[in-house]
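K.L.:
One structure follows; several queries about it will come next.
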Amino acid sequence: MDEVRTEAWWGRRAWALLSAVRARTPLVQCITNLVSMDIVANAMLAAGASPAMIHCLREVPDFSPRCDAVYINVGTLSEDWLPSMRAAASSGRPWVFDPVAVAASGFRMEACLSLLALRPAVVRGNASEILALASRSDDSFKGVDSSHDSSDALQAAKALAQSSGAVVAVSGAVDFITDGMQVVSASNGVPMMQKITATGCAVTALIAAFVGADPSDALVAAACALAIFGLAGEIGMESARGPASLRMHLIDALYGLDEQTVTSGVKISLLP
Ligand SMILES: Nc1ncnc2c1ncn2[C@@H]1O[C@H](COP(=O)(O)OP(=O)(O)OP(=O)(O)O)[C@@H](O)[C@H]1O
Ligand SMILES: Cc1ncsc1CCO
Ligand SMILES: [Mg+2]
């Protein structure tokens, strides 16, 4: 019998997945941009995962297969790193993709499309990134931050999920997560999170940690990771005075989340 995915069901799933990360300490290879490395590693540690920022091509054949998941982010893409990204994505481990600023250049678009063909479990981007990747068009680029609302990219996300086979997540005031058929919304978070660089990169890494701890359902893992990260932002905001202190308090809140806070705090629902 199909289970009914009530808000309470999502709350229990979110807590179960965070608990699985804490219990299993998934090892996640992170080939991520230079801006994001610190917040990505610290957010993952606070959540209970084990991040490793290893991107040398010569190390990929030994290291990637030992990981529970791989996280690839093209934010500060260079020609040198692309072969490592491709090799790590081909290692047979579940992997999660953040196509930062995909429309910045033709080179970046081609790189992202070639990575997409290597079957990520999840792609997470902001609305402008998902719109550009779905349309394969790099002519509307305005920067690494989104110039669209997440709802603007919902149809593009569904189309991208269907064409790529990945779960696609669009972040924003409301996060949408889709496998091309079902759409789930996660409505946690605070607007100030956009004023901290690489919070998007950090939440994509958290999705990789959740997939690494339990690869059985990438849609559920992505929705729960996004909601939990947003919830940590809400709690962090209670003590923050601006972006710099929110960054610190968000990481502390992620570390301190307990069962009652998660089960009653995550706002996830399956859209009709
Ligand atoms: N207006 C908002 N209200 C609440 N939460 C938000 C809002 N905008 C973004 N967020 C949250 O902030 C996090 C980062 O999402 P965002 O869409 O800003 O990513 P991004 O543009 O890829 O960021 P970056 O490139 O800096 O890593 C997500 O967890 C998202 O849910
Ligand atoms: C600011 C910036 N530039 C390239 S990557 C990055 C971090 C946010 O994605
Ligand atoms: Mg981003």
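K.L.:
Which residue, A222, A208, A104, has the most motion in a Gaussian network model of the chain that connects Cα atoms within less than 10 Å?
P.N.:
Result: A104 has the largest fluctuation of those listed.
K.L.:
Rounded if a/c is under 1.5, else prolate if a/b beats b/c, else oblate: with a ≥ b ≥ c from the C-alpha gyration tensor eigenvalues square-rooted, which is region 84-191?
P.N.:
It is oblate, given that a/c is not under 1.5 and a/b is not larger than b/c.
K.L.:
For region 7-270, give the share of DSSP beta bridges that are antiparallel, in percent and rounded to the nearest 5; count only bridges with both residues there.
P.N.:
Here the antiparallel bridges make up roughly 35 percent for region 7-270.
K.L.:
Could you name the lysines in cross-link range of K195, using Cα to Cα under 19 Å and dropping any fewer than eight places away on the same chain?
P.N.:
Straight-line reach from K195, under 19 Å: K142.
K.L.:
Kindly identify region 32-95 as rounded, prolate or oblate by the Cα gyration tensor criterion: order the square roots of the eigenvalues as a ≥ b ≥ c, call it rounded if a/c is under 1.5, otherwise compare a/b with b/c, prolate if a/b is larger, else oblate.
P.N.:
Cα axes put region 32-95 in the oblate bin.
K.L.:
Now a separate question. Which value, in debye to the nearest 20, describes the size of the charge dipole of region 7-270 about its Cα centre when Lys and Arg Cβ atoms bear +1, Asp and Glu Cβ atoms bear -1, and nothing else is charged?
P.N.:
240
K.L.:
Could I ask something else about it? Among Q194, A232, C67, flag the residue with its Cα farthest along the positive direction of the charge dipole of region 7-270, charges on Cβ as +1 for Lys/Arg and -1 for Asp/Glu.
P.N.:
C67
K.L.:
A follow-up question, please. Tell me which residues come under 5 Å, amide H to amide H, from V123 once H is placed; ignore anything under 5 positions away on its chain.
P.N.:
Sorted by chain and number, the residues that satisfy this are F97, V167, V168, A169.
K.L.:
May I ask for the distance between the Cα centers of region 18-70 and region 132-206, given as a whole number of Å?
P.N.:
Measuring centre to centre over Cα atoms gives 22 Å.
K.L.:
Of A52, T261, A121, which is farthest on the positive side of the dipole of the chain, counting Cα position, with +1 on Lys and Arg Cβ, -1 on Asp and Glu Cβ, and the Cα centre as origin?
P.N.:
It is A52.
K.L.:
Further, regarding this structure: Can you give the accessible area per residue of region 7-270, in Å², using a 1.4 Å probe?
P.N.:
40
K.L.:
Same structure, new question: Pick from A186, A16, A223 the residue whose mean-square fluctuation is largest in a GNM of the chain, springs joining Cα atoms under 10 Å.
P.N.:
A16
K.L.:
In addition: Of all accessible surface on region 131-198 at a 1.4 Å probe, what whole percent is carbon and sulfur?
P.N.:
Here carbon and sulfur together make up 50 percent of the probe-accessible area.
K.L.:
Accessible area of S146, 1.4 Å probe, to the nearest 10 Å²?
P.N.:
50
K.L.:
Taking only DSSP H segments of four or more residues, each worth -39500 (n - 2.57), what value at 222 nm results for the chain once the sum is divided by all its residues, to the nearest 500 deg cm²/dmol?
P.N.:
The helix contribution divided over the chain gives -14500 deg cm²/dmol.
K.L.:
Another question, then. Show me the three semi-axes of the equivalent ellipsoid for region 7-270, from the C-alpha gyration tensor (sqrt of 5 times each eigenvalue), largest first, rounded to whole Å.
P.N.:
25, 21, 18
K.L.:
Looking at the chain as a GNM with Cα springs under 10 Å, which of P191, P120, P215 has the largest mean-square fluctuation?
P.N.:
Answer for the Gaussian network model of the chain: P191.
K.L.:
Now a separate question. Run the quick spin-label model on A52 and W9: label points 7 Å from Cα toward the beta carbon, then report their separation in nm to one decimal.
P.N.:
Between A52 and W9, the simple spin-label model gives 3.7 nm.
K.L.:
For W15, tell me the accessible area in Å² from a 1.4 Å probe, rounded to the nearest 10.
P.N.:
50
The values are calculated or read from the model by the stated rules, or taken from the named source; none is laboratory data. None of the values given here were measured: they were computed from a predicted structure. Because the Cβ atoms are built from the backbone with ideal geometry, glycine has one as well, and the counts that use them run over all protein chains shown. Just so you know, the surface numbers come from the protein's heavy atoms only, side chains and all, with ligands and any DNA or RNA stripped out. Shrake-Rupley method; radii C 1.70, N 1.55, O 1.52, S 1.80 Å.
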